[in-house]
Amino acid sequence: MAYLRSILRSGKNAVPAVLRREFHRTLPAAVQVTVRDAIKEALDEELERDERVFLLGEEVALFEGAYKVTRGLWKKYGDKRIIDTPITEIGFTGIAVGAAMAGLRPVVEYMSFNFSMQSVDHIINSAAKTYYMSGGLQPVSIVFRGPNGAAPGVAAQHAQCFAAWYGHVPGLKVVSPWSAEDAKGLLKSAIRDDNPVVFLENEIMYSVPFEMSEESQSKDFLIPIGKAKIERKGNHVTLVSHSHVVSRCMDAAAVLAKDGIECEVINLRTIRPMDMEAIETSVMKTKHLITVEGGWPQFGVGGEILARIMEGPGFSYLNAPAVRVTGVDIPMPYAKHLEENTLPQIKDIVFSVKKTLNV
């Protein structure tokens with residue numbers, strides 16, 4: 001486990017085979033980019049494009065980031081644009097929110113979103129609410145980014161998913177990318193947005209390579225916040241997920257395809273605002289819905305999706321009750337076998353699909 005975490009943090013592209021996803025590789029061959037490097041590209045391009053953008057956080061400069069996401073940026077842009085901070089989230093987040101109110105566009109990096117709890121008053125009471133409370137006169141253009149959710153062997157205090165927490169708050173936009181293309185296009189859009197954006201990355205995905213299209217290599221490449229993406233087309237059941245769990249859905253869909261069951265896999269990409277139109281359109285076609293997430297079940301992202309389907313036009317098209325597949329409702333265990341049984345696995349998704357379809 002220590003070896004795996006060292007690979008994830010090192011920035012090397014030599015990823016263990018268990019993390020490689022062959023469904024990323026399609027013909028014709030395109031540029032292979034890890035999620036880590038896609039995030040760095042987005043930061044580099046936006047720092048170069050707009051002098052108001054700057055990055056601050058613990059070890060982002062000289063050490064090049066705890067996960068090497070900011071490699072080379074300090075040497076290129078210097079101390080005024082890439083700022084190392086003390087270990088005081090409440091302090092540097094407050095400084096960044098104030099800078100955003102003064103017209104700059106800070107990007108705040110947390111070593112883990114679990115540590116953002118230290119600065120939640122600045123994120124929610126200051127950043128999220130000011131645009132509204134000022135009657136639209138005072139934008140707060142800021143991005144809060146870093147690894148969110150489960151990673152191998154980090155236990156209870158470093159493993160929870162904050163998608164539902166921050167997705168609950170009006171005034172915040174909440175983004176949860178899966179692929180390298182997601183990460184680059186959505187981060188660039190987040191930095192340019194006049195609203196505060198919580199950008200939930202995942203440590204498991206940093207070293208995973210994806211093909212990136214020629215279009216995504218452009219410095220003008222943006223992905224609109226609030227638009228989901230269909231990663232795999234199907235007509236029997238809709239699977240909706242976000243972040244690293246999309247990989248589990250894609251793998252489960254490949255397994256189910258061998259039994260003649262075609263899953264439509266939706267990569268949510270944005271938690272708030274949520275692309276319910278894409279989900280409803282898919283449900284109207286497949287007549288079945290399963291949400292999959294690594295977070296806890298109570299008041300989770302999947303529960304919100306199911307409620308909106310229940311209240312909207314998609315409900316009339318369902319041939320079976322919509323189902324949630326989630327993490328187990330306990331703090332994350334440290335032991336590997338317990339950890340695996342706490343998070344949604346491929347077998348859990350396959351079981352839920354077959355039960356929903358009654359096959």
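The values are calculated or read from the model by the stated rules, or taken from the named source; none is laboratory data. Fair warning: this is a prediction, and the values are worked out from it, not measured in the lab. Reconstructed Cβ throughout: ideal geometry from the backbone, glycine too, with neighbour counts over all protein chains shown. Ligands, DNA and RNA are excluded from the accessible area calculation, which covers all protein heavy atoms including side chains. Shrake-Rupley method; radii C 1.70, N 1.55, O 1.52, S 1.80 Å.
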Problem - E277-R49 pseudo-label distance in nm [points 7 Å out on the Cα-to-Cβ vector] - result: 2.3
Fill in the blank from the handout: Residue span S134 to I230: 0.36 nm per residue of separation minus Cα-Cα distance leaves a gain in nm of 30.8 nm
Exercise for the section: With label points built 7 Å along Cα→Cβ from the Cα atoms of N319 and T88, find their separation and express it in nm. Expected result: 6.1
Handout entry: Selected from A102, N125, F299, residue furthest toward positive end of dipole (the chain; charges at beta carbon)
Key = F299
Practice task
Of the listed pairs K219/K285; K188/K336; K68/K219; K173/K219; K75/K184; K40/K227, which have alpha-carbon separations greater than 26 Å here?
Solution key: K219/K285; K188/K336
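Give me the 1.4 Å probe accessible area per residue for the range 96-190, excluding ligands and nucleic acids, in Å².
That works out to 32 Å² for each residue.
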Exercise for the section: List the relative contact order of the range 229-357 as a percent without decimals, with contacts defined as Cα pairs under 8 Å and 6+ residues apart. Expected result: 28
Exercise for the section: Just the number, please: carbon plus sulfur as a percent of the accessible area of the chain, 1.4 Å probe, no ligands or DNA/RNA counted. Expected result: 57
Problem - Listed residue (A254, I309, G226) projecting farthest to the positive dipole end of the range 208-325, Cβ model - result: I309
Completion exercise
Computed for the chain: size of charge dipole around the Cα centre, +1 on C-beta of each Lys and Arg, -1 on C-beta of each Asp and Glu, debye to nearest 20, value 440
Practice task
Mind ranking 162-170, 31-39 by how tightly packed they are, going by the mean number of other C-beta atoms within 10 angstrom, highest first?
Solution key: 31-39, 162-170
